[in-house]
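For reference, the structure discussed in these notes is given below.
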Amino acid sequence: MKKFRMAIGWGLMVLLPHFLMTGCEKSTTDPTQDLLQMSIAAEEGLTSSWQTIHNVSSVGEVHSILEGGVEIDQSEFGGIYSTDQIASEYEKFQTGLETVLSSSTEGITLDDSLIWFIDWTDPISGVSVRKALYYSTVTGYARYYEAIYHFPIQLRLAYDSTEIRADLNFTLEDESDDRFLALYKITRFKDGFFVNKIEAEAQASDWDQNNQVIGAIASNHVWYGEQSRLDQLLQELEINPDESGQISERLDYRDGTFLQKIVNFYSDFTGDFSEIWRNGTQVSGTFDRIEDDNHASLTRRVDFPAGFFVDKIDQLADITLEPADSSSHLLLNEKILFAAGLLDTSELVIDEYYESGLKKTHLIAAKSNGARADLLVTNFPGYQEVDGNYTGPRGYFSLIHAIFYSDGSGELWLTVYESEQTYLNGEPALATIYIRFNPDGSGDGEIAEGGEKYSVQVNPDGEMLVRDSSGNSKTVNGY
């Protein structure tokens, strides 16, 4: 039985502000003192950059929640997110128990006896590990410990330990009736890494007829390094045997703001979710998962606080999966209501398929203001490459190349031309843009046009501040 999954996104913890292409509207909060004389071509190119980054990121978020999971898996960092992961951790206990059973267990009469212990360093890798197994003849419970306290210098890990508790039903040598009860993990990282420490806990709540865990309560607590503007992440997960459950998480920043998210899964493969963003924006929606009939849908409303140039965004997604070849077709529609009363609409058509063993995602976007985009995403192990083009509402044509890394960060290169025809004619570009972006959508970069260079600072909400060497500035909004 397939379980929904949860994980840490290092910046993809919440759904991004939009799924689709949106226009280049000037924010009502733009500084009145803007003095930078930047061309419309460069401004449209900057908006195209923002749209590309967040459209590609959003597709993965939409796809995963419609399939029944928040697919931001970062289990390599030590968290617990699924019953499959619990089973994998439990194998450590079973291996330790098998080692004990291969030797004599006579004379175990004390409550909570230490019946096995090793402290060993691998002479080749240099990894040092301690392992211990305790067993209580009074309760029939066993505790297994495994702590790795020395890692090769090239690894970012400094310490990793796991405690596993199991009920052996007073039959130490009969594994058929053993049941996993709980585990506790602590992982510490070396100085300078963006994560400082992770603590993870899981308790079994349901088992099947073979004593396999099919229900559990889990939590993950992450502390980030002092160099990060992130402070802590707390996740709580409930998995039930009937496919229902809940995911909740809160990400706190060092400036006192936070992101909060709750997702409810129901046994009929439907669900709902709510979010609170750092700036007070509220998000709510419903979804119908894909597992039961290879079809899924999602509704979502983003409600911005007063003072934003956008008032509300309403989104509707529909996806169909073809099990024969694992291809899928996704249609996303969006309505944007601006604070001034204007309405903008857009549509994004997405086809996902496999070619030469690689998953590819083809995105075609169209807006009511005439803007359009054509992007191809190729999924490689550990990263994605994006190539395509964007045509703005005034006809400026941009070539786009981007790389998305596994943690949600990446780089984007964009070249702006007067039109698609001038590009085909081999005429020179009007501007070039480079953006380095973080998992939450923030970033920085540079614009070059007409012999001038400008720096760019990107905020997570899509507001981009452009400065020249004299300190003159202009604000461009990604919407």
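The values are calculated or read from the model by the stated rules, or taken from the named source; none is laboratory data. From a predicted model like this one, the values you see are computed outputs, not experimental measurements. Here Cβ is always computed from backbone atoms with ideal geometry, including for glycine, and neighbour counts include all displayed protein chains. Just so you know, the surface numbers come from the protein's heavy atoms only, side chains and all, with ligands and any DNA or RNA stripped out. Shrake-Rupley method; radii C 1.70, N 1.55, O 1.52, S 1.80 Å.
Considering only region 178-192, how many residues are on the phi < 0 side of the Ramachandran plot and open to solvent by 40 Å² or more (accessible area, probe 1.4 Å)?
Here the count works out to 6.
Tell me, which residue of region 393-406 that is touching a residue at least 60 places away in the same chain (Cβ under 8 Å) and within 16 Å of His54 (Cβ to Cβ) is nearest to the chain's Cα centre (by Cα)?
Phe404
Could you please find all residues in region 386-416 being within 30 Å of Gly450 (Cβ to Cβ) and acidic (Asp, Glu)?
Answer for region 386-416, where residues must be within 30 Å of Gly450 (Cβ to Cβ) and acidic (Asp, Glu): Asp387, Glu411.
Does any residue in region 36-48 that is on the phi < 0 side of the Ramachandran plot and among the aliphatic types (A, V, I, L, M) come within less than 9 Å, Cβ to Cβ, of a residue that is open to solvent by less than 10 Å² (accessible area, probe 1.4 Å) and part of a helix (DSSP H, G or I) six or more places away or on a different chain, and which pairs are these?
Short answer, once both residue conditions are applied: Met38/Leu46.
Quick one: which residue in Glu385, Glu352 is within 20 Å of the chain's Cα centre (by Cα), in a strand (DSSP E or B) and over 26 Å from Ala431 (Cα atoms)?
None of the other options fit; the residue is Glu352.
Which residue out of Val310, Val302 is β-branched (Val, Ile, Thr), closer than 19 Å to Ser57 by Cα and crowded, with 17+ Cβ neighbours inside 10 Å?
Among Val310, Val302, only Val302 is β-branched (Val, Ile, Thr), closer than 19 Å to Ser57 by Cα and crowded, with 17+ Cβ neighbours inside 10 Å.
Return the residues of region 195-210 that are surrounded by fewer than 19 Cβ atoms within 10 Å (Cβ to Cβ) and either among the small types (Gly, Ala, Ser) or in contact with a helix residue (DSSP H, G or I) (Cβ under 7 Å, 6 or more places away or on another chain) (or both); say none if nothing qualifies.
Hit for region 195-210 is Ser205, nothing else.
When both residues are 6+ apart or on different chains and their Cβ atoms are under 8 Å apart, which pairs have a first residue that lies in region 325-354 and is basic (Lys, Arg), and a second that is surrounded by fewer than 14 Cβ atoms within 10 Å (Cβ to Cβ)?
Listed by first residue and then by second, the contacts come to Lys335/Leu343.
Name every residue in region 255-298 that is among the β-branched types (Val, Ile, Thr), open to solvent by less than 60 Å² (accessible area, probe 1.4 Å) and over 22 Å from Asp242 (Cα atoms), in order of residue number.
Thr257, Thr281, Val283, listed by residue number.
Looking only at residues that are basic (Lys, Arg) and touching a residue at least 24 places away in the same chain (Cβ under 8 Å) in region 358-374, which one is least open to solvent (accessible area, probe 1.4 Å)?
Lys367
Whether any residue in region 76-84 is part of a helix (DSSP H, G or I), surrounded by fewer than 22 Cβ atoms within 10 Å (Cβ to Cβ) and at pLDDT 85 or above is what I want to check.
Yes, there is a match, as at least one residue in region 76-84 is part of a helix (DSSP H, G or I), surrounded by fewer than 22 Cβ atoms within 10 Å (Cβ to Cβ) and at pLDDT 85 or above.
Is there any pair with a first residue in region 431-442 that is on the phi > 0 side of the Ramachandran plot and touching a residue at least 40 places away in the same chain (Cβ under 8 Å) and a second that is surrounded by 17 or more Cβ atoms within 10 Å (Cβ to Cβ) and part of a strand (DSSP E or B) whose Cβ atoms are under 9 Å apart and which are 6 or more apart or on different chains, and what are they?
Gly441/Val458
I'd like to verify a number: residues in region 160-197 that are touching a strand residue (DSSP E or B) at 6+ places or on another chain (Cβ under 9 Å) and either part of a loop (DSSP other than H, G, I, E, B) or farther than 18 Å from Tyr224 by Cβ (or both), how many?
22
If you go through region 403-418, how many residues are assigned to a strand (DSSP E or B) and within 18 Å of Ala371 (Cβ to Cβ)?
Matching residues across region 403-418 total 5.
So Val377 passes all but one of these: (1) farther than 16 Å from Val62 by Cα; (2) at pLDDT 90 or above; (3) crowded, with 16+ Cβ neighbours inside 10 Å. Which condition number does it fail?
It fails just one condition, (1).
Return the residue satisfying two criteria in turn: it lies in region 260-298 and is in contact with a Ser or Thr (Cβ under 8 Å, 6 or more places away or on another chain) and acidic (Asp, Glu), and of such residues it is nearest to Ser327 (Cα to Cα).
Here the residue is Asp288.
Filter region 114-142 down to the residues that are touching a residue at least 24 places away in the same chain (Cβ under 8 Å) and closer than 21 Å to Glu91 by Cβ, then identify the one that is most open to solvent (accessible area, probe 1.4 Å).
Result: Tyr141.
In region 419-469, which residue that is among the β-branched types (Val, Ile, Thr) and assigned to a strand (DSSP E or B) is surrounded by the fewest Cβ atoms within 10 Å (Cβ to Cβ)?
Thr432
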